[in-house]
Amino acid sequence: MNNEQQYWSQRYIENRTGWDLGQVSTPIKEYVDQLKDKELKILIPGAGNAYEAEYMFRVGFNNLYIIDISPLPLKNFKERVPDFPSDQIIEGDFFKLKDSFDLIIEQTFFCSFPPVDNNRERYAANMHKLLYDNGKLVGLWFDFPLTGDLTKRPFGGTKAEYESLFSPYFELKTLEASYNSVPNRGAKELFGILIKKKEDDI
């Protein structure tokens, strides 16, 4: 087990999982509920206990993949959703994933990366690389300033910082304050729909 796996697995062992809502987040549920095409190939990176994936699978999205660096939440997920295809549950590093998707769902994944060593730029570039042309990155990003404490997750950001980070790779269809976040995250989340730019436009 490498250092990253060990770090995140230890968080699950100690139940230090403050990001875990224990259910699908409302903004993502309501976005998913309006999707007509259930054949979309979808990725949820840093899926953790993957409540979003559980919800989506239950309502008919079968071409759905989850990835997490720690095996523990993936084991939890498989126990909760035993009929989910095992080959669509990936234990591994998001940055080493080789595949393409129509849609990527972001839910407390971005905020796990310390904002050093170009982590955020790598995230944006890899999201772009993993999407088909005109694919979408959709989800929630925390809307509060960085504190400078690089040991204390979650790591936030501002709308202006996200716009600067994502605009080289994506058309920002929307990136606005989430009106339907769960109560303890009210006024602390931005909901975004980002559309992949073609390589020639970067």
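Throughout, read-outs are computed from the coordinates displayed, never taken from laboratory work. What you see is a predicted model; the values in this text were computed from it and never measured. Please note: Cβ atoms are built from the backbone with ideal geometry, for glycine as well, and neighbour counts cover all protein chains shown.
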Run lengths n ≥ 4 of DSSP H only: what is the helix-derived mean residue ellipticity at 222 nm for the chain, with -39500 (n - 2.57) per run over all residues, to the nearest 500?
-8000 deg cm²/dmol
Three-way shape call for segment 77-140 based on the alpha-carbon gyration tensor, with the a/c threshold at 1.5:
prolate
Quick query: amide H of TYR65 versus all other amide H atoms, modeled in the peptide plane; which residues come in under 5 Å with a sequence gap of 5 or more or a different chain?
ILE42, LEU43, ILE44
For labels at SER167 and GLN23 in the simple 7 Å Cα→Cβ model, what's the distance in nm?
3.8
Ordering of 155-162, 102-109 by burial proxy (mean other Cβ atoms within 10 Å per residue, highest first)
102-109, 155-162
Using R₀ = 25 Å, calculate the FRET efficiency as 1/(1 + (r/R₀)^6) where r is the Cβ-Cβ separation of ASN119 and ASP83; round to 0.05.
0.10
Dipole of the chain, positive direction: furthest Cα of LEU172, VAL24, ILE67, with charges on the beta-carbon:
VAL24
Going by a ≥ b ≥ c, the root eigenvalues of the Cα gyration tensor, does the chain fall in the rounded group (a/c under 1.5), the prolate group (a/b larger than b/c) or the oblate group?
rounded
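What is the magnitude of the charge dipole of segment 24-143 about its Cα centre, with +1 placed on the Cβ of each Lys and Arg, -1 on the Cβ of each Asp and Glu, and no other charges, expressed in debye to the nearest 20?
Values: 14 positive and 19 negative charges, 15 e Å.
That gives a dipole near 80 debye.
Cross-link list LYS96/LYS197; LYS96/LYS188; LYS41/LYS173; LYS78/LYS197; LYS75/LYS152: which exceed 23 angstrom alpha carbon to alpha carbon? If you can, show how the numbers build up before the last one.
Numbers: LYS96/LYS197 21 Å; LYS96/LYS188 30 Å; LYS41/LYS173 20 Å; LYS78/LYS197 35 Å; LYS75/LYS152 26 Å.
In this structure, LYS96/LYS188; LYS78/LYS197; LYS75/LYS152 exceed 23 Å between Cα atoms.
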